[in-house]
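Quick notes on the structure that follows.
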Amino acid sequence: MTARNISRFWEWGRKIICVGRNYADHVKELKNALPTEPILFLKPPSAYVTEGSPILVPFYSSNLHHEVELGVVIGKGGTAISQSNAMDHVAGYALCLDMTARDIQEDCKSKGLPWTLAKAFNTSCPISEFIPKERIPDPGNVTLWLKVNDQLRQNGCTAQMIFSIPFLISYISKIITLEEGDLILTGTPKGVSAVQEHDELQAGIEDVITMNFKVNRKNQ
Ligand SMILES: CC(=O)CC(=O)C(=O)O
Ligand SMILES: [Mg+2]
(Lines give C-alpha, C1' and ligand atoms only; values in the text may rest on other atoms or scores of the structure.)
(Ligands and ions follow the chains in the order given, each with its own letter.)
Protein backbone atom coordinates (compact mmCIF):
# COMPACT_ATOMS: atom_id res chain seq x y z
CA MET A 1 0.00 0.00 0.00
CA THR A 2 1.35 3.46 -0.87
CA ALA A 3 1.88 5.88 2.01
CA ARG A 4 -0.79 8.58 2.30
CA ASN A 5 0.30 12.14 1.79
CA ILE A 6 -0.73 14.60 4.52
CA SER A 7 -0.70 17.40 1.93
CA ARG A 8 -4.00 15.91 0.67
CA PHE A 9 -5.45 15.41 4.16
CA TRP A 10 -8.97 16.31 3.00
CA GLU A 11 -9.12 13.07 1.00
CA TRP A 12 -8.61 10.93 4.11
CA GLY A 13 -12.15 11.17 5.48
CA ARG A 14 -11.02 12.45 8.88
CA LYS A 15 -12.82 14.70 11.35
CA ILE A 16 -13.31 18.44 11.00
CA ILE A 17 -13.63 19.88 14.50
CA CYS A 18 -14.72 23.51 14.64
CA VAL A 19 -14.37 26.03 17.44
CA GLY A 20 -17.02 28.75 17.69
CA ARG A 21 -16.90 32.19 19.31
CA ASN A 22 -13.11 32.25 19.72
CA TYR A 23 -12.67 35.97 18.90
CA ALA A 24 -14.24 38.58 21.19
CA ASP A 25 -14.88 41.01 18.28
CA HIS A 26 -16.91 38.37 16.41
CA VAL A 27 -18.78 37.36 19.58
CA LYS A 28 -19.73 41.04 19.96
CA GLU A 29 -20.88 41.53 16.35
CA LEU A 30 -23.30 38.59 16.67
CA LYS A 31 -24.38 39.72 20.17
CA ASN A 32 -23.39 36.37 21.71
CA ALA A 33 -22.00 35.76 25.20
CA LEU A 34 -18.24 35.34 25.66
CA PRO A 35 -17.50 31.62 26.18
CA THR A 36 -15.82 30.37 29.33
CA GLU A 37 -14.89 27.08 27.59
CA PRO A 38 -14.42 26.35 23.85
CA ILE A 39 -17.64 25.81 21.90
CA LEU A 40 -17.23 22.81 19.59
CA PHE A 41 -19.13 21.48 16.60
CA LEU A 42 -18.30 19.12 13.73
CA LYS A 43 -18.41 19.11 9.96
CA PRO A 44 -18.29 15.86 7.94
CA PRO A 45 -15.49 15.27 5.38
CA SER A 46 -18.11 15.80 2.63
CA ALA A 47 -18.02 19.50 3.64
CA TYR A 48 -14.59 19.93 2.04
CA VAL A 49 -14.26 21.84 -1.22
CA THR A 50 -10.97 22.84 -2.84
CA GLU A 51 -10.11 25.64 -5.27
CA GLY A 52 -11.55 25.13 -8.73
CA SER A 53 -14.88 23.90 -7.39
CA PRO A 54 -17.64 26.27 -6.25
CA ILE A 55 -19.17 26.90 -2.85
CA LEU A 56 -22.84 25.90 -3.18
CA VAL A 57 -25.55 27.85 -1.37
CA PRO A 58 -27.79 25.32 0.43
CA PHE A 59 -31.29 25.33 -1.06
CA TYR A 60 -32.88 25.96 2.35
CA SER A 61 -30.89 29.12 3.21
CA SER A 62 -31.14 32.72 2.05
CA ASN A 63 -28.36 34.08 4.27
CA LEU A 64 -25.08 32.23 3.71
CA HIS A 65 -22.13 33.81 5.59
CA HIS A 66 -18.38 33.50 5.15
CA GLU A 67 -16.16 32.95 8.20
CA VAL A 68 -12.41 32.95 7.48
CA GLU A 69 -10.46 30.77 9.90
CA LEU A 70 -7.03 29.26 10.48
CA GLY A 71 -7.21 25.47 10.20
CA VAL A 72 -4.76 23.27 12.13
CA VAL A 73 -3.92 19.93 10.49
CA ILE A 74 -3.07 17.17 12.95
CA GLY A 75 0.03 15.15 12.07
CA LYS A 76 0.25 12.89 15.11
CA GLY A 77 -2.88 11.65 16.87
CA GLY A 78 -3.44 11.47 20.58
CA THR A 79 -5.79 11.56 23.54
CA ALA A 80 -5.45 14.00 26.45
CA ILE A 81 -2.50 15.77 24.83
CA SER A 82 -0.83 18.27 27.17
CA GLN A 83 -0.64 21.93 26.17
CA SER A 84 3.13 21.74 26.33
CA ASN A 85 3.25 18.87 23.79
CA ALA A 86 0.36 20.10 21.63
CA MET A 87 2.38 21.70 18.84
CA ASP A 88 4.30 18.42 18.33
CA HIS A 89 0.98 16.98 17.07
CA VAL A 90 0.60 19.63 14.34
CA ALA A 91 1.65 18.78 10.76
CA GLY A 92 0.66 22.13 9.31
CA TYR A 93 -2.17 24.47 8.55
CA ALA A 94 -4.82 25.34 5.95
CA LEU A 95 -6.73 28.52 5.35
CA CYS A 96 -10.40 27.60 5.77
CA LEU A 97 -13.87 29.07 5.45
CA ASP A 98 -16.54 27.97 7.90
CA MET A 99 -19.50 28.66 5.58
CA THR A 100 -22.54 29.19 7.76
CA ALA A 101 -26.24 29.36 6.89
CA ARG A 102 -26.82 32.16 9.39
CA ASP A 103 -30.62 32.20 9.06
CA ILE A 104 -30.74 28.49 9.84
CA GLN A 105 -28.25 28.83 12.69
CA GLU A 106 -30.36 31.57 14.31
CA ASP A 107 -33.46 29.39 13.95
CA CYS A 108 -31.64 26.38 15.48
CA LYS A 109 -30.37 28.55 18.35
CA SER A 110 -33.85 29.85 19.12
CA LYS A 111 -35.26 26.29 19.16
CA GLY A 112 -32.34 24.77 21.08
CA LEU A 113 -31.50 22.54 18.09
CA PRO A 114 -28.01 21.48 16.92
CA TRP A 115 -26.25 23.53 14.21
CA THR A 116 -25.82 20.68 11.71
CA LEU A 117 -28.00 22.15 8.94
CA ALA A 118 -26.31 25.54 9.35
CA LYS A 119 -22.72 24.34 9.38
CA ALA A 120 -22.26 20.85 7.93
CA PHE A 121 -23.77 20.93 4.41
CA ASN A 122 -21.79 19.96 1.29
CA THR A 123 -19.11 22.60 0.45
CA SER A 124 -19.40 24.26 3.88
CA CYS A 125 -15.63 23.90 4.37
CA PRO A 126 -13.63 25.48 1.52
CA ILE A 127 -9.89 25.01 2.14
CA SER A 128 -6.56 26.14 0.72
CA GLU A 129 -3.63 23.93 -0.09
CA PHE A 130 -1.87 22.31 2.85
CA ILE A 131 0.61 24.72 4.50
CA PRO A 132 3.59 22.91 6.08
CA LYS A 133 4.14 23.83 9.74
CA GLU A 134 7.49 25.55 9.04
CA ARG A 135 5.77 28.17 6.84
CA ILE A 136 3.86 29.58 9.83
CA PRO A 137 6.38 29.69 12.68
CA ASP A 138 3.98 31.58 14.99
CA PRO A 139 0.37 30.49 14.26
CA GLY A 140 -0.72 32.49 17.31
CA ASN A 141 0.16 35.75 15.56
CA VAL A 142 -0.80 35.77 11.88
CA THR A 143 -3.31 37.92 10.04
CA LEU A 144 -6.22 36.34 8.12
CA TRP A 145 -8.23 38.32 5.59
CA LEU A 146 -11.16 37.79 3.27
CA LYS A 147 -12.56 39.84 0.37
CA VAL A 148 -15.90 39.49 -1.40
CA ASN A 149 -15.80 40.81 -5.00
CA ASP A 150 -12.57 42.67 -4.11
CA GLN A 151 -14.04 44.35 -1.01
CA LEU A 152 -12.30 43.61 2.28
CA ARG A 153 -14.75 42.10 4.77
CA GLN A 154 -12.56 40.32 7.34
CA ASN A 155 -9.07 41.17 8.59
CA GLY A 156 -8.12 39.72 11.96
CA CYS A 157 -5.07 38.42 13.79
CA THR A 158 -4.91 35.02 15.47
CA ALA A 159 -3.36 36.79 18.49
CA GLN A 160 -6.95 37.84 19.27
CA MET A 161 -8.09 34.24 19.85
CA ILE A 162 -9.67 33.68 23.26
CA PHE A 163 -8.39 30.07 23.44
CA SER A 164 -4.90 29.45 21.98
CA ILE A 165 -4.06 26.65 19.55
CA PRO A 166 -2.17 24.57 22.21
CA PHE A 167 -5.10 24.99 24.61
CA LEU A 168 -7.61 23.92 21.94
CA ILE A 169 -5.60 20.82 20.96
CA SER A 170 -5.32 19.81 24.60
CA TYR A 171 -8.98 20.57 25.40
CA ILE A 172 -10.39 18.80 22.32
CA SER A 173 -8.18 15.72 22.67
CA LYS A 174 -9.51 15.09 26.20
CA ILE A 175 -12.99 14.71 24.68
CA ILE A 176 -12.39 13.52 21.11
CA THR A 177 -9.26 11.50 20.26
CA LEU A 178 -7.33 13.35 17.56
CA GLU A 179 -6.08 11.39 14.54
CA GLU A 180 -3.56 12.14 11.83
CA GLY A 181 -5.37 14.13 9.12
CA ASP A 182 -7.98 15.69 11.41
CA LEU A 183 -8.55 19.42 10.93
CA ILE A 184 -9.35 21.95 13.67
CA LEU A 185 -11.03 25.21 12.59
CA THR A 186 -10.04 27.77 15.21
CA GLY A 187 -12.87 30.31 14.90
CA THR A 188 -13.44 33.49 12.97
CA PRO A 189 -12.66 37.17 13.64
CA LYS A 190 -15.25 39.90 13.06
CA GLY A 191 -16.59 40.94 9.67
CA VAL A 192 -18.73 37.94 8.73
CA SER A 193 -21.31 38.81 6.08
CA ALA A 194 -23.64 37.35 3.50
CA VAL A 195 -22.54 36.04 0.11
CA GLN A 196 -24.68 35.66 -3.01
CA GLU A 197 -24.66 33.43 -6.04
CA HIS A 198 -21.87 34.55 -8.49
CA ASP A 199 -19.83 36.29 -5.76
CA GLU A 200 -16.07 35.78 -5.84
CA LEU A 201 -14.32 35.18 -2.54
CA GLN A 202 -10.62 35.66 -2.01
CA ALA A 203 -8.89 34.96 1.29
CA GLY A 204 -5.34 34.87 2.55
CA ILE A 205 -2.87 34.52 5.38
CA GLU A 206 -0.34 37.39 5.22
CA ASP A 207 2.22 36.53 2.51
CA VAL A 208 1.83 32.78 3.11
CA ILE A 209 -1.15 31.82 0.94
CA THR A 210 -4.23 33.05 -0.90
CA MET A 211 -7.23 31.14 -2.21
CA ASN A 212 -10.20 31.92 -4.47
CA PHE A 213 -13.71 30.50 -4.59
CA LYS A 214 -16.86 31.27 -6.53
CA VAL A 215 -20.32 30.99 -5.02
CA ASN A 216 -22.66 28.97 -7.18
CA ARG A 217 -26.21 27.77 -7.51
CA LYS A 218 -28.12 26.21 -4.68
CA ASN A 219 -27.00 22.89 -3.25
CA GLN A 220 -29.94 20.47 -3.69
C1 LIG B 1 -21.49 31.97 15.69
C2 LIG B 1 -20.71 30.98 14.96
O3 LIG B 1 -21.08 30.62 13.86
C4 LIG B 1 -19.54 30.42 15.62
C5 LIG B 1 -18.37 30.18 14.76
O6 LIG B 1 -18.36 29.30 13.92
C7 LIG B 1 -17.19 31.03 14.91
O8 LIG B 1 -16.24 30.86 14.14
O9 LIG B 1 -17.17 31.89 15.79
MG1 LIG C 1 -16.70 29.49 12.54
Exercise. Could you give the dipole magnitude of the chain about its Cα centre, charging the beta-carbon of Lys and Arg +1 and that of Asp and Glu -1, in debye to the nearest 20?
Worked result: 520 debye
For this session: Averaging sequence separations of C-alpha pairs under 8 Å and six or more residues apart, then dividing by the length of the chain, give the relative contact order as a whole percent.
Result: 33 percent
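Hey, any idea what % of the chain's accessible area is carbon plus sulfur with a 1.4 Å probe? Before the final figure, lay out the partial values.
On the way: 4950 of 9980 Å².
The value for the chain is 50 percent carbon and sulfur by accessible area.
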Seminar exercise, completed: Checking T210, T186, T158 against a Gaussian network model of the chain (alpha-carbon springs below 10 Å), the top fluctuating residue turns out to be T210
Exercise. Per residue, how much accessible area does the range 6-217 show when a 1.4 Å probe rolls over the protein heavy atoms, in square angstrom?
Worked result: 43 Å²
Problem set entry | Against the rule of thumb 2.2 N^0.38 Å, how large the Cα Rg of the range 6-217 comes out | 0.93
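For the chain, what is the percent of antiparallel DSSP beta bridges, rounded to the nearest 5?
Values: 41 of 51 bridges.
Close to 80 percent.
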Problem set entry | Positive-end residue of M161, V90, H198, charge dipole of the range 6-217 with Cβ unit charges | M161
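Counting only trypsin sites (Lys or Arg not before Pro) that sit in a DSSP loop (anything but H, G, I, E, B) with at most 12 other Cβ atoms within 10 Å, what is the longest stretch of the chain containing none of them? Mind showing how you got there, number by number?
Working: sites that count: R4, K31.
After excluding every exposed loop site, the longest remaining stretch is 32-220.
The values are calculated or read from the model by the stated rules, or taken from the named source; none is laboratory data. Note that the structure is a prediction, hence the values are computed from the model and not measured. A quick note on method: Cβ atoms are made from the backbone with ideal geometry, for glycine too, and the neighbour counts reach across all protein chains shown. Just so you know, the surface numbers come from the protein's heavy atoms only, side chains and all, with ligands and any DNA or RNA stripped out. Shrake-Rupley method; radii C 1.70, N 1.55, O 1.52, S 1.80 Å.
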